[in-house]
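Asker: Let me begin by handing over the structure; questions about it come next.
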Amino acid sequence: MTAPRTPAAIFDLTGQVALVTGASEGLGWAMAQTLAAAGAYVVITGRRLPLLQAKLEQLQAWGMSGEAMAFDAADAGATKAAIAALASRHGRLDIVVSNTAAGVRKAFLEMDEAEWQSVIDGSLTAGWRLARETAPIMAGAGYGRIILISSINATLARPGISAYVTAKTALHGLVRALAVELAPVGVTVNALAPGYFLTNGNVALRTAKPDFHDKIAARTPAARWGDPQELGAAALYLASRASSFTTGSVITVDGGLTATI
Ligand SMILES: NC(=O)c1ccc[n+]([C@@H]2O[C@H](COP(=O)([O-])OP(=O)(O)OC[C@H]3O[C@@H](n4cnc5c(N)ncnc54)[C@H](OP(=O)(O)O)[C@@H]3O)[C@@H](O)[C@H]2O)c1
């Protein structure tokens, strides 16, 4: 009988290449740190190169490895070119975290079609495209982990974010559909649905509505907002061999918010 593998071995990502989009700040940066700390070579992406370079220097100062790549995840040509460059540079891509989203805060009756489309493109099609470009590399290797970052807004709507709610809900359908097609070639596809985490992504909302922070904390059974680092461990589970039999799933990380009334 062989001894059970240690958690350190199960979650070890040494030798693997991970790509995290939207990783210069917020949840993407937190997940990138966790994957890098587990041994992965992490490609951090975003649109602002100086910010990415500063974050890469931080990772390297911690003794972790990776690279910074600037491209707009909502741009089809730029995404295609970036993935092709990564594939030729590294010859592998084991983990992909699609973390970018686009938002237009407007009442349904005030939103025009171009605004709707920009949210669908930035929050749904960008994830589909990233999976479309990277799955062949993973399928060729017979191993891969695709993680799409959704939101509890896929389950709970608020006024003013109809396109975002729709896009995030559709990501859950995409996860199931891709999981079914890619499981036979060794690629798992899952989503993380974060609740409310303190990031720059919601600073505008918290500034515009000063009571929003406390309202969310009061509504959350854990009685607080999430720390971005708290999403990292969930991402590590989905990114590692530990999740070998988990595919087509959505893991909610929300301090119990969607479990309560
Ligand atoms: N924070 C929350 O409470 C929360 C809750 C539920 C779901 N989420 C989801 O979690 C994800 C991250 O949210 P966050 O709050 O961490 O956001 P954030 O703090 O605003 O950070 C967004 C990151 O993505 C990059 N980015 C944005 N659009 C991009 C694009 N088109 N192409 C490439 N990079 C792009 C940004 O850098 P550049 O601006 O330089 O590109 C930045 O690094 C989103 O999908 C969001 O919907 C967040």
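Asker: How big, on average over all directions, is the shadow cast by the Cα convex hull of the chain, in nm²?
Answerer: Seen from a random direction, the Cα hull of the chain projects 15.3 nm² on average.
Asker: Among Arg105, Arg129, what is the fewest-to-most ranking by other Cβ atoms within 10 Å?
Answerer: Values: Arg105 16, Arg129 19.
By the 10 Å Cβ count, ascending, the order reads Arg105, Arg129.
Asker: Specify the inter-centroid distance of segment 53-117 and segment 189-261, based on alpha-carbon positions, in whole Å.
Answerer: 20
Asker: A further question follows. Looking at the square roots a ≥ b ≥ c of the eigenvalues of the Cα gyration tensor of segment 45-129, which shape do they give, rounded for a/c under 1.5, prolate if a/b is larger than b/c, or oblate?
Answerer: prolate
Asker: Additional query: Given Ala234, Thr188, Val253, which one lies farthest toward the positive end of the charge dipole of segment 150-253, if we put +1 on the Cβ of every Lys and Arg and -1 on the Cβ of every Asp and Glu?
Answerer: Result: Val253, furthest along the dipole toward the positive end.
Asker: Which residues in segment 153-188 place their backbone N less than 11 Å from a point set 7 Å from the Cα of Ala107 along the Cα-to-Cβ direction?
Answerer: Within reach of a label on Ala107, which here means backbone N under 11 Å from a point 7 Å along Cα→Cβ, segment 153-188 contributes 160.
Asker: Among the lysines, which have Cα under 27 Å from the Cα of Lys215 when same-chain residues fewer than 8 positions away are ignored?
Answerer: Lys106, Lys168
Asker: Still on this structure: Quick one: putting +1 on the C-beta of Lys and Arg, -1 on the C-beta of Asp and Glu, what dipole do you get for the chain around its Cα centre, in Debye to the nearest 20?
Answerer: 280
Asker: How do the peptides 63-73, 118-128 rank, highest first, by the average count of neighbouring beta carbon atoms within 10 Å per residue? Walk me through the numbers on the way to the answer.
Answerer: On the way: 63-73: 18.3, 118-128: 21.7.
Taking the mean over residues of other Cβ atoms within 10 Å, the ranking is 118-128, 63-73.
Asker: Moving on. Would you pull out the residues with amide H under 5 Å of Gly66's amide H, same chain only if 5 or more places away, H placed 1.01 Å from N?
Answerer: Under 5 Å from the amide H of Gly66: Val42.
Every number here is computed from the coordinates shown, using simple stated rules; none is lab data. Note that the coordinates shown come from a computational prediction; the quantities given were computed from them, not determined experimentally. All Cβ positions, even for glycine, are placed from backbone atoms using ideal geometry, and neighbour counts span all protein chains on display.
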